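See below for the structure under consideration.
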Amino acid sequence: MDAMDKLAILAEAAKFDAACTSSGVERGPRKGDVGDARAAGCCHSFAPDGRCITLLKVLMSNACSYDCAYCVNRRGASCPRATFSPKELAELTIGFYKRNYIEGLFLSSGVLGTPDETTERMIACLRTLRQDYHFNGYIHAKVIPGTSPELVRRLGLLADRLSSNVELPSSASLQALCPDKDSRAVLAPMGQIARGRREEESRLLAQGRGASLARRPASGDMGPGLGGAALRMTLNKSRSAVPNSHRKFAPAGQSTQLIVGASPETDRQILRLSESLYKKFDLKRVFFSAYMPMLSDSRLPEPGTPVPLRREHRLYQADWLMRYYDFSPGELVTEDRPWLDLDLDPKLAWAIANLDRFPVEVMTASLETLLRVPGIGPVGARRIIAARRTQRLSFDDLASLKITLKRARPFVTCCGRRDRGSVLDEGYLRRKAVEDARSTRYSHARREAEGQLSLF
């Protein structure tokens, strides 16, 4: 089997790993090296199903000694198997880069023998890329649960971003669907990566290599006194005092992935887990992957069950609110209502459930209060605060500030005045939002995609 035949098998096998994110690391060209890495430059091209394709996203091998029920590459699956040698995959990657096909590499693998054996092959490939071919581009590497700490450290010194997939939202589901894994083996490398990054940050700060960032104004500041608070409102955490370009170990941080719909956990359980992972391991992203029922197994949804793409989308929206709008999971889902509303985006659903907090006066509302208004995001809220210092704002002024008035009108007042025709009524707002959503091109395309994907 030649390299291109292997690529056809192993790229197809890797498509279920979510990787639609910016690289998170800035690294310019270096004399004698090939390529560079841009913080927002790795994921700008998407396949028709919405998944990012600008990285060479591939498995080292789809042969696997584990038998995870939901995985198309599981030990008991009947599928073509292939394995790259480290040099073979390195040559393929550098060849594609030189042809301008890709900007970086997203590397994962089935468990070929043991986690350590698999990781050693991945390290050999990345070492060939970095040292023999002087590849300076972006690399995202998956950590195999159960890998020894020393190998995780070596992998982190070669890759820009690492990820260890939690995959299932509870230990009970992991035990039921992945008998060869346990939650401790999944979480251990995440803890090691977080500690390694903190220790490196402390060393760099002691060397005085974080001062330049501390003096630099936050990106997107729009006037004195704002301090970029809206952009830093990520579970109340400030940005690192050390630029990623100064780091050697996993400079772009770490992420993880949760499969949605393969197990019975509610959205409340998933979001509470996400919040815990962000806080404990300083994750850059939690990815959600809608389970595609393709395998017959009594532990899984029946093949032909509709793919929960809309649920995946709502979870991403809720995750965004938690990271950038200072929402907590308990505000978006409760013990009595543990599922996100599929008809309304989570922010609008929260506003409709809390109409007693509205309307908000744009001339006096705090940044945190403005961020709770549907149609007003971090940039819009900061624009309002900057503009109201010098003038009395009207609805026309809000439109000129690029506020999404179609959503915001019912929830705000301008100098004590309500918008004519705007009704602050739960039933009306829900009906209007659902009607508007169903008429969008996105909704039409999503319904088509859900219909197509449910046929697999």
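The values are calculated or read from the model by the stated rules, or taken from the named source; none is laboratory data. Small disclaimer: the values here were computed from a predicted structure and weren't measured. In this analysis, Cβ positions are derived from the backbone assuming ideal geometry, glycine residues included, and neighbour counts consider all displayed protein chains.
If the requirement is being in a helix (DSSP H, G or I), within 15 Å of the chain's Cα centre (by Cα) and surrounded by 17 or more Cβ atoms within 10 Å (Cβ to Cβ), which of these qualifies: L273, L258? Please lay out each step first, then the result.
Details: L258 fails: in a helix (DSSP H, G or I).
None of the others qualify; the one that does is L273.
How do the pairs read when you match residues in segment 347-358 that are free of Cβ contacts under 8 Å to residues at least 60 places away in the same chain with residues anywhere that are part of a helix (DSSP H, G or I), using Cβ under 7 Å and keeping only pairs 6 or more apart or on different chains?
If the second residue must be part of a helix (DSSP H, G or I), the pairs left are K347/L321; W350/E331; W350/L332.
Among the residues of segment 414-423, how many are touching a helix residue (DSSP H, G or I) at 6+ places or on another chain (Cβ under 6 Å), of a type outside the set (S, T, N, Q) and at pLDDT below 90?
Count: 0.
Can you run down the residue pairs with Cβ atoms below 6 Å, 6 or more apart or on separate chains, where the first is in segment 86-100 and under 21 Å from E117 (Cα atoms) and touching a residue at least 40 places away in the same chain (Cβ under 8 Å) and the partner is of a type in the set (A, V, I, L, M, F, W, C) and loosely packed, with under 13 Cβ neighbours inside 10 Å?
none
Going through segment 314-329 one residue at a time, which ones are surrounded by fewer than 21 Cβ atoms within 10 Å (Cβ to Cβ), modelled with pLDDT of 95 or more and over 12 Å from the mean Cα position of the chain (by Cα)?
Correct list: S328 only.
Within the bounds of segment 305-313, is there any residue that is of a type outside the set (G, A, S), part of a loop (DSSP other than H, G, I, E, B) and crowded, with 21+ Cβ neighbours inside 10 Å? Even if it seems obvious, please write down each step before you answer.
Going residue by residue through segment 305-313, those that are of a type outside the set (G, A, S) are 305-313.
Of the ones still in play, those that are also part of a loop (DSSP other than H, G, I, E, B) are 305-308.
From what's left, crowded, with 21+ Cβ neighbours inside 10 Å: 307-308.
Checking segment 305-313: at least one residue is of a type outside the set (G, A, S), part of a loop (DSSP other than H, G, I, E, B) and crowded, with 21+ Cβ neighbours inside 10 Å.
Going through segment 327-359 one residue at a time, which ones are closer than 20 Å to G427 by Cα and in contact with a Ser or Thr (Cβ under 7 Å, 6 or more places away or on another chain)?
W339, P359
Just name the residue that is farthest from the chain's Cα centre (by Cα) out of those in segment 106-162 that are small (G, A, S) and assigned to a helix (DSSP H, G or I).
A124
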